[in-house]
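Have a look at the structure below before the remarks.
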Amino acid sequence: MEIDRISCLHDSILYKIFSFLSAKDVLQTTLLSKSLQDLWKSLPHLDFDESDFTNEKSFTNFVDKFLLHRDNSISIIRLRLLCGFACRSCELETWISAAITARVQELQLCSKYKAIGDGLPSSLFNCKSLVTLRLNIGYVVRFPDNFCFPNMKIIDFCDVHFGKNFSDQLLNSKNLEEIYFMHCRIDIYNSSSPSSLTVGEDVVADDSHCSGTFPNLNKATIVLGKHPGKEEETGFCASKFIKTFSNANVLYLSNACIQLLQYCGGNLLDYLPTFCNLKRLQLTVSIKDGDIGVLSCLLDRSPILESLGIRFFNYKFRSLVSRCNRELKRGEYARHLECIRMEHFRGSKNQVELVRFFLANAQVLKKMSLYSDREFPLSLDLFEFPRLSTSCQLLIY
Amino acid sequence: MSKLGQAKRIIFLKTADGQLFEVDEPVAMEFEIVKSFFDENEDAADDTVVPLPNVSAEPLAGIIEFCKAHVEFRANGAAGKDEVKKFNAEYIKEKSNEQLKELILAANYLNIKEMLDFLTETIANRLKNKSVEYVRAFFGIENDFTPQEEEAVRKEYEWAFEGVDED
């Protein structure tokens, strides 16, 4: 009876359990019994964590041997490499090539410290089997101008620098579902003057069928770093970049994105795409007029928005010139917006005006939650503000 | 969720050791094997007893507790949130390795994907950084290597063995 039960485990569950183990633990299974000796070679999930090893040399040796001896006719579903030290490009090249040979679907590279090296092997950027790619390798990766990921669904990058053709090339990944860009930079290119481009035509095309975007895009998180450069060009490049992801259902834009969009000034609304599927928008904004102007334009371009999250960010040391002055307007979104959440609410004039505006204009608003990190003057009676939606709750935490 | 004014349907399950369980329909439908039983026998009477010849009462009670909680989490829109993690952590805290194995065998037979994923990961966590002897004992695997053969394997995979706990 006992033997029967265990052999049940062997067949399917054991395999599954071992898929959750780190590669180091998986290798222990070679000693379990003769029948299990070679099981590790066909596991599709590989998880290499340098912290399991006493030193860098034993780790690299282990990864080398593991990839060399595994059965590469079995596809790798996921390869995760967590290095506590600097990854050298020559080792990465060998490992990534091995993974590509085994038709790796999900690849995650993560290094804690600044790495030495001149980037990632070029074979990575033409990997047909990749479905998920997560990169956080401790130095800024310069993305090549030519790449091709026909099956990619999720990209999750930290510290990656994109060339000017990045978004156009990425459009070949038709199945893209989620993007996370953390502290990434885009190339600001001199395209003579943005106004000489056919911005108007683009906008018209966008309004009709959201072309030039990803049909299945669900989530887009765009956190850009600082971008030096001429302001108008920077703003134009940023709006063009964001436009590529305008099909998203959920969009997060960092404050740096808002700042870059501000550079478009009074033309911003013309440069922005219509976010025709956008249901949830999250932003980090300051309470300066210019940021409110960008918020106003984004809302106008989000006709079916249901949920808006605003995290306020206080500039103590930066003074910004407002370039995009535009008041909030009651657009199409006001007929759909159900939920608004504001964090770091401090009761400043612009914040209070936002609350007043949304309460007065959002027709089907169900809930507005304000999270405060310090007390604000109680003389402001937010609860007295007229509400267009009779079922709207106002909650202050 | 049951429709208003409609009595909740109860599914009857009978374990290998002869115990009869009465389970709310949405919970029982988490078990793929029960779901396909009713899909294949569309005209089955409401009081049909579904036999589960490979599951005994103790693990089934544990499985029903887990699935019931998760069905509720989903209905409340709490799926993936902290309270789910808290429940899962509490749920396995008191379970012995033996009980876990019984649960995973039963969950595998009943074909409950969510629970199976959770249990395999839990077991994997308990095996992390453990010695070969521990893993053998855990699964009841018989060591069929001769000392010489074992030594040969250790030598072959020398690069893989360093710094492993002895229990």
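The values are calculated or read from the model by the stated rules, or taken from the named source; none is laboratory data. Since this is a predicted model, take the numbers as computed values, not measurements. FYI the Cβ positions are ideal-geometry reconstructions off the backbone, even for glycines, and counts take in every protein chain you see.
Determine if the stretch B:55-67 includes at least one residue that is touching a residue at least 24 places away in the same chain (Cβ under 8 Å) and in contact with a Pro (Cβ under 8 Å, 6 or more places away or on another chain). No, the stretch B:55-67 contains no residue that is touching a residue at least 24 places away in the same chain (Cβ under 8 Å) and in contact with a Pro (Cβ under 8 Å, 6 or more places away or on another chain). Inspection of the stretch A:105-124 identifies no residue that is touching a Phe, Trp or Tyr at 6+ places or on another chain (Cβ under 8 Å), surrounded by 14 or more Cβ atoms within 10 Å (Cβ to Cβ) and at pLDDT 85 or above.
Within the stretch A:47-76, the set of residues being over 14 Å from A:W95 (Cα atoms) and away from every other protein chain (no Cβ under 14 Å) comprises A:D71, A:S73, A:I74, A:S75. Of the residues making up the stretch A:1-40, just one is modelled with pLDDT under 80 and outside any helix (DSSP H, G or I), namely A:M1. Restricting B:L52, B:L127, B:L103 to residues that are at pLDDT below 90 and either within 11 Å of chain A (Cβ to nearest Cβ) or closer than 19 Å to A:L14 by Cα (or both) narrows the list to B:L127. For the stretch A:26-35, the set of residues classified as in contact (Cβ under 8 Å) with a residue 12 or more places away in the chain and at the interface with chain B (Cβ under 7 Å from one of its Cβ atoms) consists of A:L27 only. With respect to being under 22 Å from A:E56 (Cα atoms) and touching an Asp or Glu at 6+ places or on another chain (Cβ under 8 Å), B:K155 falls outside the description.
Within the option set A:R330, A:R323, A:R335, A:R356, being buried (at least 18 other Cβ atoms within 10 Å of the Cβ) and either within 19 Å of A:Y397 (Cβ to Cβ) or touching a residue at least 12 places away in the same chain (Cβ under 8 Å) (or both) holds for one residue only, A:R323.
Determine, yes or no, whether B:E72 is loosely packed, with under 14 Cβ neighbours inside 10 Å, modelled with pLDDT of 85 or more, away from every other protein chain (no Cβ under 11 Å) and assigned to a helix (DSSP H, G or I). Yes, satisfied. Within the stretch A:13-24, which residues are without any contact (Cβ under 8 Å) to a residue 24 or more places away in the chain and closer than 19 Å to A:L79 by Cα? Correct list: A:K16, A:I17.
Scanning the stretch A:127-168 for residues that are in a strand (DSSP E or B) and surrounded by fewer than 19 Cβ atoms within 10 Å (Cβ to Cβ) yields A:R134, A:N136, A:R142, A:I154, A:D156, A:C158, A:H161. Being of a type in the set (F, W, Y) and either out of contact with any helix residue (DSSP H, G or I) (no Cβ under 7 Å at 6 or more places or on another chain) or in a helix (DSSP H, G or I) (or both) holds for only one residue in B:F145, B:F138, and it is B:F138. For B:E42, the stated conditions do not hold, so it cannot be described as modelled with pLDDT of 90 or more, over 25 Å from B:V135 (Cβ atoms) and outside any helix (DSSP H, G or I).
One line per residue, one yes/no per condition, for (1) at pLDDT below 90; (2) touching a Cys at 6+ places or on another chain (Cβ under 8 Å):
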site: A:R301; (1), (2): no, no
site: A:I304; (1), (2): no, yes
site: A:R311; (1), (2): no, no
site: A:L320; (1), (2): yes, no
site: A:N325; (1), (2): yes, no
site: A:S348; (1), (2): yes, no
site: A:E353; (1), (2): yes, no
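Set side by side, the residues A:L269, A:L283 differ, and just one is in contact with an Asp or Glu (Cβ under 8 Å, 6 or more places away or on another chain) and not in a loop (DSSP other than H, G, I, E, B), which is A:L269. When B:E102, B:E83, B:E90 are checked against the criterion of being over 19 Å from the mean Cα position of the chain (by Cα), among the acidic types (D, E) and either surrounded by 13 or more Cβ atoms within 10 Å (Cβ to Cβ) or not in a loop (DSSP other than H, G, I, E, B) (or both), a single residue qualifies: B:E83.
Do we have A:G293 as at pLDDT below 95 and surrounded by fewer than 20 Cβ atoms within 10 Å (Cβ to Cβ) here? So A:G293 fails the test.
Being within 14 Å of chain A (Cβ to nearest Cβ) and under 24 Å from A:F20 (Cβ atoms) is a property that holds for B:N108. Within the stretch B:134-159, residues that are facing chain A (nearest Cβ under 7 Å) and more than 20 Å from B:L100 (Cβ to Cβ) reach partners that are among the charged types (D, E, K, R) and crowded, with 16+ Cβ neighbours inside 10 Å with beta carbons closer than 7 Å, at six or more positions or on different chains, in the pairs B:N143/B:R136.
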